[in-house]
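Taking it in order: structure first as structure tokens, then the write-up.
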Amino acid sequence: MIQQNFIASIWRAATALLLAVALASPLQAADVASMSDREIQSVLDEALEMFAGVDQGANADYIPALAEVDSDIFGIALVTPNGRVFSAGDMESEVSIQSISKVFTMALVMEEEGVDFAPEGVGVDATGQVFNSIVAIEQYKGSEMNPMVNAGAIATTSRVSGDSRDDIWNRILDFHSRFAGRELEVNEPVYESEAATNQRNQAIGRLMYAYGHIESDPDQATDIYTEQCSINVNSRDLAVMAGTLANGGLNPVSGQTVMSAENVPEVLAIMATAGLYDDAGKWLYRTGLPAKSGVGGGIVAVSPGQFGIAAIAPPLDEAGNSVKSQLAIEYISKKLGGNPYEVEPVEVE
Ligand code: GLN
């Protein structure tokens, strides 16, 4: 344990140093809307070049199929509310969306039931525990969870309406597809691999059922949750999905309204509380951005009204968050003035 902590602190110091050096040039304190395409593109290109060689972290391997994914995949994309799309690196490779799906299934339930299902039915505080913690469930008998961690996410998936499993599933897949602006598909090998090895999530689903937070068949809820985690996406898809949240629920690429603008603030607030699990506080401190990661290596982040950004790079840190995706998004957002807490003081006459 001591040795692990030691390695972790060296690792943190090394990445902090890398970012500090990268950001040493003065910040542009920019407003994305006023930046030219070339300026924005060059920031993405810089991030790709700077972080492509980072070799910390490792692919998730508790889902066997994820260990097989090419660790060198690295793609970054950014979408603005007026539909400008920027990308750097790999836009072809698709990875499973994993926990990033928690955001969109939660948004679907908010559309169906209203946003208050979250604080009233699931919880919106951070658990401060790993994403598949059973201790966190036990602490309050399944209340005070969060839709961004497995227990809260499985309970959230169990609430999606539908007359049959197929009906529920189609609503979830269709909702994700509308966010991405194209028909998404499931990565069948990943789904099969996780379905064969997700006994821990099955236990979480049953425990949430036992405590009355799931009212339908918990095994079905866990199975549908597993399938939603297996939806395949590339970096551009994730950026369009994030861009839709940055644009009040209107997909800036397809022009379709995907969710009501009035529900978006609550989606973003919940992402901010636990989107990067027990490292959500550190992330928010560094970037100010609501974000969500997945163990497939993707991260989406939203600068409301400014941009949606996403990156994919499979190797993860100890909390289960992509090392390179965090570095790239933090760097780009700082260069583009994406932190919503950062304002120019108004001079008083
Ligand atoms: N499907 C994964 C799980 O439930 C998702 C976890 C994640 O991306 N953090 O374990």
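Derivation of every value follows stated rules applied to the coordinates shown; laboratory data play no part. Keep in mind that what you see is a predicted model, and the values were worked out from it rather than measured. A quick note on method: Cβ atoms are made from the backbone with ideal geometry, for glycine too, and the neighbour counts reach across all protein chains shown.
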Can you compute the modelled spin-label distance between residue 185 and residue 111, with each label point 7 Å from Cα toward Cβ, in nm? 2.3
Packing-wise, with mean Cβ within 10 Å as the measure, how do 101-112, 210-221, 144-155 rank, highest first? 144-155, 101-112, 210-221
HN-Hα couplings for the range 301-310 via Karplus (6.51, -1.76, 1.60; θ = phi - 60°), in whole Hz with x for Gly/Pro, come out as 9, 10, 9, x, x, 10, 6, x, 9, 8
Sequence-separation-based contact order of the range 28-336, relative, with Cα cut under 8 Å and 6+ spacing, percent: 28
Percent relative contact order for the range 96-235, counting Cα pairs under 8 Å at least six residues apart, stands at 33
In Å, the Kirkwood hydrodynamic radius from C-alpha pairs for the range 238-286 sits at 11.5
Show me the ranking of peptides 83-89, 341-347 by mean Cβ neighbours inside 10 Å, starting with the highest. 83-89, 341-347
Which angle between 0 and 90 degrees, to the nearest 10, do you get for helix 2-22 versus the longest principal axis of the chain when only C-alpha atoms count? 40
Charge context of residue 201, other residues only, Cβ under 15 angstrom, K/R +1, D/E -1: -3
Can you tell me the orientation of helix 101-113 relative to the chain, as the angle in degrees between its alpha-carbon axis and the longest Cα principal axis, to the nearest 10? 60
Translational diffusion of the chain, µm² s⁻¹ [Kirkwood Rh, Cα pairs; Stokes-Einstein; 20 °C; 1.002 mPa s]: 107
Restricting to Cα pairs below 8 Å that are 6+ residues apart, what does the relative contact order work out to for the range 40-172? Please round to a whole percent. 17
179, 131 arranged by Cβ crowding within 10 Å, fewest neighbours leading: 131, 179
Per the helix-only model, the chain has a calculated mean residue ellipticity at 222 nm (DSSP H runs of ≥4, -39500 (n - 2.57) each, divided over all residues, rounded to the nearest 500) of -14000 deg cm²/dmol
Can you list residues from other chains, or at least 5 along the same chain, whose modelled amide H is less than 5 Å from the amide H of residue 275? 291
Reachable lysines from residue 102, Cα under 28 Å, same-chain residues fewer than 8 places away excluded? 141, 282, 292, 324, 334
